[in-house]
Structures are given as structure tokens and as C-alpha cells.
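Read-outs: derived from the displayed coordinates by stated rules, not from any lab. The structure presented is a predicted model; accordingly, all values stated were derived computationally and were not measured. Methodologically, a virtual Cβ is constructed for each residue, glycine included, from the backbone with ideal geometry; neighbour enumeration extends over all protein chains shown.
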Amino acid sequence: MADIAAELGKRRTFAIISHPDAGKTTLTEKLLLFGGAIQLAGTVKGRKAARHATSDWMEMEKERGISVTSSVMQFPYRERIVNLLDTPGHEDFSEDTYRTLTAVDSALMVIDVAKGVEARTIKLMEVCRMRDTPILTFVNKLDREGRDPIEILDEIESVLGIACSPVTWPIGMGKRLKGVIDLRTETTHLFSASHGDHVLEGETIHGLDSPALQEALGEHEVEKLKEEIELVRGASHELDLDAYLRGEQTPVFFGSAINNFGVRELLDAFVEYAPPPQPRSTLQRMVDPAESKFTGFVFKIQANMDPAHRDRIAFLRVCSGSYRKGMKMKHVRINKTVQVSNAITFQADARRQVEEAFPGDIIGLHNHGTIQIGDTFSEGEDLKYEGVPYFAPELFRRVVLKDPLKMKALQKGVLQLCEEGATQVFRPLRNNDLILGAVGVLQFEVAAARLKSEYGVEAVVEPINVYTARWVQCDDEAVLKRFKIKAHDNLALDGDDQLVYLAPTRVNLNLTEERWPEVKFLATREL
Ligand code: G4P
């Protein structure tokens, strides 16, 4: 049997967080390229092409199908095995994006040098904060004119509240981009644009006083660079790996993903600094990844990838022990033991069966409706992993039936879709509406299309005046009772009958919070 401690020690499991168009897809391709998985790079591109596809049902299937293929990308790099989990962006942005972040050990934040910190990045950082996930930062598109790098670092610090420590520093920018210098070793990597799928090592020069550097940049430029580096060192934090591992400091790299530039430094530092799988808490106890018994939890369920099979895949993160093909595992929530001989990972276009998987790895379990997001699997022990929360949706729609007689089927369909976790359902106390909530707009179309194809229900979704949802908690029964009466018209029950406040506006939410200090309005709910 493989040595679990040795195997998990090699694992580095992470996700990329970024605002759309910052360069996540491009960087993913380049990382795969450096990892030697060249054919996979094309897969990522394919998905990007599909992103512009119209959202009729078949197209959506295709789009989702392809995005499943690249949901988990495993590649070896140096002596490590890297698992890159895709975080759906653009139109397919959904709760899955958030939940995926609960299954990683660290994250890589990509920032567009011209745009700085953007809205989606702020949201995703909030989610990382919940588990103090360590973050590396890549400032991208240095081949274009952008903002002053110091200004970008200031913005990351002030907006995201995380200290920055530049590991590399750009020499020039846009047309004047000459290279990046590694501040740890004072090694300069000269810039040469290299589009396409080959890895150029590029020229490197050691030391700031090297004649080669003088020759490459000119004497004047080298003097300027020295001054700038002094300034940067004075103004920024020294690299502190413990602070990085605590989620308090982010090491920052500069480069241009499309030119394969600065990516090698990033990946080298990533496999060196990023943490291997860590102990994780369950409701019962902490579980160490090196424990011999297998445990893991489901963070995402992807449905209907293959129209011919209508199968669903539950993505499980292995947290301890190992998965062996054919092993028996206990599905803790339903207290049932299942034999799993066909867990899968996805490589390029071919689904491949895994024989073994270790902490940090992701396996796909075939799901016929019994597995839910957040479910724990073990080798017998009753454990429940924490930390796969529901997030307050940002978008809301009312489901309207075309045939009113199909109400029962609609309710069943909606509740089942919500169990998968891509959309949430809210049932207002004051009427019989069904309100769907999601964090990405595509989810509504998916829900309507699936209601039709799987439950035979013709429904449309229409806008409704809800700004956000907050789960309501109050320890004082009497206060809660009064609140329920006063706020009745804005209250609803979610899919698990939990009380939720649906605020029509931000102002309304603020006022309500002020008025009811004893009531907690929670933006997330643990499963
Ligand atoms: P995303 O997944 O974060 O949404 O970003 P993606 O990689 O798709 O990149 C968004 C756009 O930015 C793409 O251009 C991509 O080529 C470009 N890009 C990525 N990295 C760099 C870089 O280092 N420098 C420059 N100049 N551009 C970069 P597009 O026009 O939307 O697509 P395409 O036609 O180039 O494929």
C-alpha cells in the first residue's frame, strides 16, 4: 500500500480566483503547459470558445460538459502533484465557484494590472477569508500599459485587507517591459514575448551589478531600477511564509500570462510555498490527512453532463487516508455502505478511472440522486465535515408556472434541483410563490430548462424585487416571535425550512438590522 504521508506531502490543491477577463483561463493553460499537460491546454481553450455560445439547452449541456472536463486538472510539477480546481466564472459563475474554494488548500489570485482589484475578486476573497486560505497573487498583463505596481499593491492591501509582499518586480511595463526581477535572488528574467504553446526559458541575469544587466537595460535604467527596488523594499512587507500560511500576507508576482512570462517563477514558488493538505475539522473532531482511514466530503455536484446518460457526478475531496478502486465507503448522512469501483477523474476528453487517490485529490462519484453537497464519506466512522456553506444569493427570480395544475411537480422539481445546490429556493410566508436565488444568472436558465426536460414542467422565471437574503437567528424566543410578526411580509423559508429575511433593498436590510439588534442576519449558512 502506498505511503499516505508521502503521497499527501506531494499534493498541492488550489483554485484560481479572479474577476472575469483578468486572465484565469490563459494562466490555467500556461500552468498546464509548464506541467507538461499540453493537450489539456487546448481543452481549456475549447471551454472558452464555448463561453460565448448561446444558452439554448444543448449548448448549455455542451458548455457544462466541457467545463466538467476541466473541473479538476491534475498535473505533476517537479516533485509535486498539483490539483487545480476550476472555479466557474463568467456566465457559469455559481455557488459551485464559492464551494470549490472550501475544497482547496490555497488559492491563486489573478489581478489585471490595468484594472486592479475588481468586484468578483472581492467576493471570492471573502470566501477565502472564512477559512484563512493562503493566497498567492499574480498581477497579469504587464505587456500592456497598466497602473503603477505600487498602487496595485496598495489597493490589494486596503481593499482586500491582506498584506502584500512582492516576490518579483516588473522592469517597465507595456511596450517598455524589459523583464521581471526576483527580489529574493536579484535575478532578472528578460522579457521576450512568446505566445503559443512552447515554453521559452528566456535569458536570466544574476545580480544588479552584472555587466550583462547594464548591457541589457542601459546604465541609467539599472540605476533607476536599483532606486525603485530600494523604495519597494522599504514600502512593502518582507516575505513571511508563516503569515502567508495564516492567510495574512500574500506573496505577489508580476508577469504576462499570454506571453508565458513570469509564470515559471509563480509556479516554482507555488509548489515551494503552498501548503499540502491540512487537518480539517468535522463536527466530531479534527481529522489529520495522514490518518490511515479514508474520509472526504462532497463540495459540488454536476448534473446532466452527458445527455445520453443523464448521470450526475459528485465531486469529493479526499481529506484523509486513501481511495482504492473497489473499496467500501460509508455514506454517513444516509448511513449506508457503498462499494465504489468506478470513481473518476477527468483528463482531457477521456474520463479515466482512478485506481488510487490521496488527500488533496478529487474523485468523481457517480450519483443517482442520493448524494448531496456537503455529504461526508468515511470508512465507517460517523463524521461530518464542516465548511461547505450556503451563501446568500445575489440574484432572485420568481418561478411562474405555465400550467397551474403542475404545482406539485414544480415543487418537487425545484426542491430536488436545490438539493444539488446550484440554486436555492425560498418560500415566502405571505404567499405561495417559489423564489429562486442564485449567485450566477445562468443558474436560472439551467433550472428552467431542467424543470422542463426532467420534470415535464413548463415554467418561466421572472424578476422579483429582492436585493438579498439573510438567514435569521435569534436566541431570544420572545424577540424572534415579535420579529416574525413585524417582518412577516419579508420572511421566507428556505429548502430546509430555515427562516430567511428577504430584503427588498440594501437600505431596508441596514434599517432592519439596526432595528433588531438581538437578531442575527447571516449571509452564509453552514450545511
Ligand atoms: P478569464 O479566464 O479570467 O476570463 O480571462 P482570459 O484568460 O480569458 O483572458 C481574458 C483576455 O485577456 C483574453 O483576451 C486574453 O487573451 C487576454 N490576456 C490574458 N493574459 C494576458 C496578458 O498577459 N497580456 C495581454 N495583453 N492579454 C492577456 P480576449 O481578447 O478576450 O480573448 P482572445 O481573443 O485573446 O482569446
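Structural remarks
- For segment 384-414, the residues whose backbone nitrogen is under 12 Å from a point 7 Å from the Cα of Lys452, taken along Cα to Cβ, are 402.
- Axis of helix 506-515 versus longest Cα principal axis of the chain: the two differ by about 70°, to the nearest ten degrees.
- Label-reachable residues, segment 155-196, where backbone N falls under 17 Å from a point 7 Å from His206's Cα toward its Cβ: 181-190
- Cα long-axis angle, helix 38-50 against the chain (0 to 90 degrees, to the nearest 10): 50 degrees
- Packing, taken as the mean count of other beta carbons within 10 Å per residue, orders the peptides 293-300, 268-275, 129-136 from highest to lowest as 293-300, 129-136, 268-275.
- Label-point gap, in nm, between Glu462 and Ile485 - each point 7 angstrom along Cα→Cβ: 3.4 nm
- Between Asp497 and Glu219, the modelled labels are 8.3 nm apart [label points 7 Å from Cα along Cα→Cβ].
- Order of Asp496, Asp96 under a 10 Å beta carbon neighbour criterion, fewest first: Asp496, Asp96
- Net lengthening on full extension, Gln416/Ala235 (0.36 nm per residue, minus Cα-Cα): 59.8 nm
- At R0 = 22 Å, FRET efficiency that the Cβ-Cβ distance of Ala478 and Leu511 yields, to 0.05: 0.55
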